[in-house]
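Report on one structure; see the data block that follows.
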Amino acid sequence: MSEKGLDRRRRYTQMVIKGAFIELLGERPIAKITVKEICARADVNRATFYAHFQDSYDLLRQIEDGFVEDVTLYLAASDFGTLEGEQALASATKICEYVKANEPLCRVLFGPNGDARFLEKAKEIIRTNFIDEWFRGSSASGRELELILCFAIGGAIEVIQRWIENDLPEEPQEIAALVLKMASSGASAYR
């Protein structure tokens, strides 16, 4: 078999295993999911699973890393510069569209069976990619600024979590506008 065919088969196998695992994580915490269950759901044998992943925690880490990489690429291609304006809304909307398009994955990652360390990674991505920029030049002291950033980041994550929990009833642009409006209101209090 050609190398291209092997690579495509490998990607397909990983996709099937990840899909089965995400389904199981939607049902219960990782500590209660066995490799045997993942393999049965994915219709692969254990040797195939272990050819790709060390264990279920390694599988979760790879899924999270893929999500972080995708969102980081979205953010790198975006210009949030300020909290107001069409560019900020377009960029925030892209991220919300990504969440909606990847709803089953996001439901697990942001839900009760997700990994709390993943949420910390998500907060750091938000902070380093645009929250810091929004508050640059703020009149807040160092400690105040730290707490304001925690509030803004935590609020944005919480809004996304609630949106997912409620089956994403609003359009991505509505959620993006809401988050930007709230963040802008908080930022303007310290300018």
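Since every read-out is calculated from the coordinates, none of them should be taken as a lab result. Please read all numbers here as calculations on a predicted model, not as lab measurements. Cβ sites come from the backbone with ideal geometry, for glycine too, and all protein chains shown count toward neighbours.
Peptides 45-58, 103-116 ranked from most to least packed, by the mean per-residue count of other Cβ atoms within 10 Å: 103-116, 45-58.
The simple spin-label model puts a point 7 Å past each Cα toward its Cβ; for MET15 and GLU69 those points are separated by 1.5 nm. Remark: spin-label model distance GLU146-ASP7 equals 4.6 nm, labels positioned 7 Å along the Cα→Cβ axis.
Cross-link list LYS36/LYS100; LYS18/LYS123; LYS18/LYS94; LYS36/LYS94; LYS100/LYS123; LYS36/LYS121: which exceed 26 angstrom alpha carbon to alpha carbon?
Violating the 26 Å Cα-Cα cut-off are LYS36/LYS100; LYS36/LYS94; LYS36/LYS121.
Subtracting the Cα-Cα distance from 0.36 nm times the residue separation, let me have the gained length for LEU178 to GLU165 in nm, one decimal.
Length gained, LEU178 through GLU165: 3.0 nm.
Annotation for ASN45 and GLU103: the two label points, set 7 Å from Cα along the Cα-Cβ direction, are 3.8 nm apart.
Applying 1/(1 + (r/R0)^6) with R0 = 45 Å to the Cβ-Cβ distance of ALA77 and GLU23 gives a FRET efficiency near 0.90. Segment LYS121..GLN87, full-extension length gain: 9.8 nm, with 0.36 nm per residue of separation and the alpha-carbon distance subtracted.
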